[in-house]
Protein chains: 2
Amino acid sequence: MKISAKGRYGLAAMTELAENYSAGRPLTTLRISERLGISKIYLEQVFSLLKRAQLVLSMKGSQGGYQLARPPEEITAYDILSAIELTLTETASEAFEKLPALGRAIEKTVYAPLDAAIREALSAATLADLLAETERESHSDTMMFYI
Amino acid sequence: MKISAKGRYGLAAMTELAENYSAGRPLTTLRISERLGISKIYLEQVFSLLKRAQLVLSMKGSQGGYQLARPPEEITAYDILSAIELTLTETASEAFEKLPALGRAIEKTVYAPLDAAIREALSAATLADLLAETERESHSDTMMFYI
DNA sequence: ATACAAACATATTAAATTGCTATGTTTTAT
DNA sequence: ATAAAACATAGCAATTTAATATGTTTGTAT
């Protein structure tokens with residue numbers, strides 16, 4: 001019941017790509033890792049998952065890098081986290097072989113509504129939202145100096 | 001982003017207690033563990049957490065055991081899982097020291113709505129619901145023989 | 001009074017997952 | 001050709017989770 005470091009890195013890295021979306025040219029993992037203050041080689045593993053989920057386009061070779069596969073409005077936190085987290089939603093139900101009715105009841109009464117709620121909440125947050133909020137926040141950062 | 005075995009056991013065990021609620025006398029961990037087909041000693045650890053959260057009353061000694069501290073309508077899956085799972089909701093935000101605005105934006109745009117959605121979904125499911133659904137399900141189990 | 005059945009407590013072990021590093025190979029612009 | 005990048009795989013260290021083992025307390029019934 002926790003978003004992993006990888007998940008956080010994914011959200012952060014994708015927001016960086018969103019900020020760069022109109023620029024036309026890709027960002028490298030090295031650049032992003034430096035901005036975020038995390039390991040480049042670990043970030044690459046995150047991108048490998050994002051690539052597999054077709055959320056980013058990659059260019060190999062010199063001057064290569066990554067960019068968003070779709071505009072920021074069309075990529076949600078759910079897209080990103082379901083590409084990265086193994087188990088974003090439950091599926092267990094094979095537990096309690098001796099009491100299958102109880103197992104199914106837990107599935108139906110607890111897990112299914114929980115999954116739906118998670119999916120809904122995460123699908124509502126787009127990269128465009130994240131980027132806008134980041135800019136609002138960094139604004140209030142700089143404003144602090146002028147109070 | 002996953003409900004642990006302990007969490008599942010907690011939900012199942014509490015549903016057993018709910019079924020026994022009107023009986024007046026407590027159920028033992030041994031009895032429950034046998035019905036669920038899980039280890040007694042492990043289940044005891046689950047009950048230690050449920051006890052700490054004051055969701056169950058315990059009676060020591062012979063003829064002792066556990067029973068619900070409140071009626072099944074007044075105990076939710078959220079109560080149970082937040083007593084058992086260490087991290088049911090996020091709190092991280094100290095990540096990304098170098099980009100605090102981004103950290104706060106992720107917190108505000110993704111984590112906070114996610115936590116609220118989880119809390120809401122789990123609070124909507126009571127032990128009474130779970131019990132009713134279990135009975136409905138076991139009904140359809142037995143009905144299978146008569147088709 | 002004693003024996004037993006239960007909760008309660010703590011330590012240990014084993015397995016799985018997560019976070020991260022290391023060491024490459026392929027590809028492509030210059 | 002060379003350098004800069006993505007891409008791939010293996011391995012390691014730390015943490016968390018699942019489970020066992022070994023008790024001790026406490027209350028009930030005989």
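The values are calculated or read from the model by the stated rules, or taken from the named source; none is laboratory data. The model shown is predicted, which means the values in this text are computed figures rather than measured ones. Glycine gets a Cβ as well: all are built from the backbone with ideal geometry, and neighbour counts include every protein chain shown.
Within region B:43-84, being away from chain A (no Cβ under 14 Å) and either hydroxyl-bearing (Ser, Thr, Tyr) or over 17 Å from the mean Cα position of the chain (by Cα) (or both) holds for B:SER48, B:SER58, B:MET59, B:LYS60, B:GLY61, B:SER62, B:GLN63, B:GLY64, B:GLY65, B:TYR66.
Does B:GLU85 satisfy the criteria of being surrounded by fewer than 18 Cβ atoms within 10 Å (Cβ to Cβ), more than 9 Å from DNA strand C (Cβ to nearest atom) and charged (D, E, K, R)? No; evaluated as a whole, the condition is false for this residue. So, of the residues in region B:12-33 that are of a type in the set (D, E, K, R) and within 11 Å of DNA strand C (Cβ to nearest atom), which turns out to be modelled with the highest pLDDT? Out of the qualifying residues, it is B:ARG31. The set of residues in region A:57-83 being under 27 Å from B:ASP115 (Cα atoms) and within 11 Å of DNA strand D (Cβ to nearest atom) is empty. Could you list, in sequence order, all residues of region A:13-42 that are surrounded by fewer than 21 Cβ atoms within 10 Å (Cβ to Cβ), within 11 Å of DNA strand D (Cβ to nearest atom), touching a residue at least 12 places away in the same chain (Cβ under 8 Å) and within 14 Å of another protein chain (Cβ to nearest Cβ)? If the condition is that a residue be surrounded by fewer than 21 Cβ atoms within 10 Å (Cβ to Cβ), within 11 Å of DNA strand D (Cβ to nearest atom), touching a residue at least 12 places away in the same chain (Cβ under 8 Å) and within 14 Å of another protein chain (Cβ to nearest Cβ), then A:ARG31, A:TYR42 are the ones that fit. Residue count for region B:1-12 satisfying the condition of being touching a residue at least 40 places away in the same chain (Cβ under 8 Å) and within 11 Å of chain A (Cβ to nearest Cβ): 5. Restricting to region B:43-62, name every residue that is more than 7 Å from DNA strand C (Cβ to nearest atom) and within 15 Å of B:GLU85 (Cα to Cα). Scanning region B:43-62 gives B:LEU43, B:VAL46, B:LEU49, B:LEU50, B:ARG52, B:ALA53, B:LEU55. Put simply, of A:LYS108, A:LYS98 the only residue that is within 30 Å of B:ALA124 (Cα to Cα), within 15 Å of DNA strand D (Cβ to nearest atom) and over 13 Å from the mean Cα position of the chain (by Cα) is A:LYS98.
Taken over region A:98-138, the criterion of being within 7 Å of chain B (Cβ to nearest Cβ), assigned to a helix (DSSP H, G or I) and among the basic types (Lys, Arg) is satisfied by A:ARG104, A:LYS108. Among the residues making up region B:1-42, those that are of a type in the set (A, V, I, L, M, F, W, C) and more than 10 Å from the chain's Cα centre (by Cα) are B:MET1, B:ALA5, B:LEU17, B:ALA18, B:ALA23, B:LEU27, B:LEU30, B:ILE32, B:LEU36, B:ILE38, B:ILE41.
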